[in-house]
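Would you mind keeping the following structure in view while I ask a few things?
The values are calculated or read from the model by the stated rules, or taken from the named source; none is laboratory data. Predicted model only: the values in this text are computed from it and were never measured. For neighbour counting, all protein chains shown are included, and Cβ atoms are generated from backbone atoms with ideal geometry for every residue, glycine included.
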Amino acid sequence: MNATPTPALAAHPFSALTPDVVLDALASVGLYGDGRLMALSSYENRVYQVSLEDGSRVVAKFYRPERWSSAQIAEEHAFAAELLEAEVPAVAPLVLQGQTLHPYGGFAFSVSPWRGGRQPELDDWEVLEWLGRFMARIHNVGAMRPFSVRPTLDSASFGTASYDWLLAHDMIPLDMRSGWREACEQALSLIASGGTAGYRVQDATLLRLHGDCHPGNILWTPLDEYGRGGPHFVDLDDARMGPAVQDLWMLLSGERSQRTQQLAALIEGYEQLRPFDRRELALIEPLRTLRLIHYSAWLARRWQDPIFPMNFPWFGSSDYWRGQIDMLHEQIEALQEAPLWLP
């Protein structure tokens, strides 16, 4: 049996977001495009680079309906503004007509300045150290106050809720269901117990995070004659409460020895500006496992959006879930190993 989800017949809300609607939305806040716009890579929302009549460029972000409340988006925008005030390189939404979030045509959108850049070179020790300092600066601001309405990264929301939803909605083929369920349950049990270190996600100090800090979400610009450049974020859409190590572990790759070296460089930079609780290193594999489970649920929940079947045609097949079972077994082994450690 193949349980690949079938897209809904009803039109998705984003189908109404035509180029004319994008340009009319910008005009409603006093920004007039010259007709040129380019869709940027984004699955969760719809994001466009728009050229304006005065020759400048902006980025218009249309939020996925019903994902975040207005209050949750306001907290994201406020966090970005705090980072700018603290001179942390970030791109915050523009204040237009006295606000950063605007309604138009049934959508909520924001507008930010356009910023270019490329992905950082993560095999360069100096780049990793710089990224560590960058994260520490973000976390120094993030630790000043908590989010009130944005969610927390925890085992319940990323792990248990994702597991329950996938099974309740019959998203896993019958031939793969028992294997995936058993592997997932074993992984979640190990995470709940704290693994070999006995340290759990809920034991860590929580602060406001970027939340989805993989290399594709960091842009790097070369230094100019005034020493300006380096890393910056252009989006805080996944910002939430969580442990500091969540914004570090996704920058690690390769074999254990390579990851240890990368981690040493990140922490070297981080601790120049902020203490790092090394007990959180025990959370790297639990967080990786939770992300793996959450990712499958995210794809399944978004399947009615036509852009998902188009870009993830392999999702939902028996082969896909067989691969997920294999990865969960690898994570079960990792959860039972000693965590990465630094002196």
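For segment 106-148, which residues satisfy the criterion of being in contact with a helix residue (DSSP H, G or I) (Cβ under 6 Å, 6 or more places away or on another chain), assigned to a loop (DSSP other than H, G, I, E, B) and at pLDDT 95 or above?
Phe147
If I filter segment 11-36 down to residues being in contact (Cβ under 8 Å) with a residue 24 or more places away in the chain and assigned to a loop (DSSP other than H, G, I, E, B), which single residue comes out as nearest to Gly98 (Cα to Cα)?
That would be Val29.
Could you list, in sequence order, the residues of segment 271-301 that are assigned to a helix (DSSP H, G or I), under 23 Å from Ala197 (Cα atoms) and not basic (Lys, Arg)?
Correct list: Glu280, Leu281, Ala282, Leu283, Ile284, Glu285, Pro286, Leu287, Thr289, Leu290, Leu292, Ile293.
Follow-up question, since we're still on this one. Residues Ala265, Ala282: which one is of a type in the set (A, V, I, L, M, F, W, C) and more than 20 Å from Asn217 (Cβ to Cβ)?
Answer to the selection: Ala282.
Could you check segment 40-89 and list, in sequence order, the residues that are within 19 Å of the chain's Cα centre (by Cα), closer than 14 Å to Val111 by Cα and either of a type in the set (Ser, Thr, Tyr) or part of a strand (DSSP E or B) (or both)?
Hits for segment 40-89 are Arg46, Val47, Tyr48, Val59, Ala60, Lys61, Phe62, Tyr63.
For the condition in contact with a strand residue (DSSP E or B) (Cβ under 6 Å, 6 or more places away or on another chain) and outside the structural domain of His232 (by TED's automatic domain parsing), what is the one hit in Tyr63, Tyr43?
After ruling out the rest, the residue left standing is Tyr63.
Just to verify a result, which residue in segment 11-47, among those that are crowded, with 16+ Cβ neighbours inside 10 Å and touching a helix residue (DSSP H, G or I) at 6+ places or on another chain (Cβ under 7 Å), is farthest from Phe312 (Cα to Cα)?
Checking each candidate, the answer is Gly33.
Inspect segment 90-110 for any residue being under 30 Å from Ala264 (Cα atoms), touching a residue at least 40 places away in the same chain (Cβ under 8 Å) and surrounded by 17 or more Cβ atoms within 10 Å (Cβ to Cβ) and give the result as yes or no. Explain how you work it out, then say what you get.
Let us first name the residues in segment 90-110 that are under 30 Å from Ala264 (Cα atoms), namely 90-91.
Within this subset, residues satisfying the condition of being touching a residue at least 40 places away in the same chain (Cβ under 8 Å) are 90-91.
Okay, now just the ones that are also surrounded by 17 or more Cβ atoms within 10 Å (Cβ to Cβ), so 90-91.
Looking for residues that are under 30 Å from Ala264 (Cα atoms), touching a residue at least 40 places away in the same chain (Cβ under 8 Å) and surrounded by 17 or more Cβ atoms within 10 Å (Cβ to Cβ), one finds at least one in segment 90-110, hence yes.
Of everything in segment 228-262, what is within 14 Å of the chain's Cα centre (by Cα), among the acidic types (Asp, Glu) and outside any helix (DSSP H, G or I)? Give them in sequence order.
Correct list: Asp235, Asp237, Asp238.
Kindly check whether there is at least one residue in segment 16-35 that is more than 24 Å from the chain's Cα centre (by Cα) and closer than 17 Å to Phe308 by Cα. If you could, list the steps in order and put the result at the bottom.
Initially, segment 16-35 is screened for residues more than 24 Å from the chain's Cα centre (by Cα), giving 16, 18-35.
Now drop any that are not closer than 17 Å to Phe308 by Cα, which leaves 16.
Within segment 16-35 (the criterion being more than 24 Å from the chain's Cα centre (by Cα) and closer than 17 Å to Phe308 by Cα), the answer is yes, since at least one residue qualifies.
Only one residue in Arg150, Arg115 is of a type in the set (D, E, K, R), touching a strand residue (DSSP E or B) at 6+ places or on another chain (Cβ under 7 Å) and surrounded by 20 or more Cβ atoms within 10 Å (Cβ to Cβ), so which one is that?
Numbers: Arg115 fails: surrounded by 20 or more Cβ atoms within 10 Å (Cβ to Cβ).
From the options Arg150, Arg115, the qualifying one is Arg150.
Just one of Glu75, Glu44 is in contact with an Asp or Glu (Cβ under 8 Å, 6 or more places away or on another chain) and closer than 30 Å to Gly132 by Cβ; which is it?
Glu44
On to the next question. Restricting the first residue to segment 179-196 and requiring it to be charged (D, E, K, R), which pairs with a second residue that is assigned to a helix (DSSP H, G or I) meet a Cβ separation below 6 Å and a spacing of at least six or different chains?
none
Another question, then. For residues in segment 172-211 being of a type in the set (D, E, K, R) and in a helix (DSSP H, G or I), which is surrounded by the most Cβ atoms within 10 Å (Cβ to Cβ)?
Just the residues of segment 172-211 that are of a type in the set (D, E, K, R), to begin with: 175, 177, 181-182, 185, 200, 203, 208.
Next cut, in a helix (DSSP H, G or I) only: 175, 177, 181-182, 185, 203.
Working: Asp175: 13, Arg177: 17, Arg181: 15, Glu182: 12, Glu185: 12, Asp203: 15.
Here the residue is Arg177.
For segment 308-329, which positions are touching a residue at least 12 places away in the same chain (Cβ under 8 Å) and either surrounded by fewer than 16 Cβ atoms within 10 Å (Cβ to Cβ) or hydrophobic (A, V, I, L, M, F, W, C) (or both)?
Answer for segment 308-329, where residues must be touching a residue at least 12 places away in the same chain (Cβ under 8 Å) and either surrounded by fewer than 16 Cβ atoms within 10 Å (Cβ to Cβ) or hydrophobic (A, V, I, L, M, F, W, C) (or both): Phe308, Asn311, Phe312, Phe315, Ser317, Trp321, Arg322, Ile325, Met327, Leu328, His329.
Further question: Exactly one condition in (1) assigned by TED's automatic domain parsing to the domain that holds Val141; (2) free of Cβ contacts under 8 Å to residues at least 24 places away in the same chain is not met by Gly230; state its number.
Gly230 satisfies every listed condition except (2).
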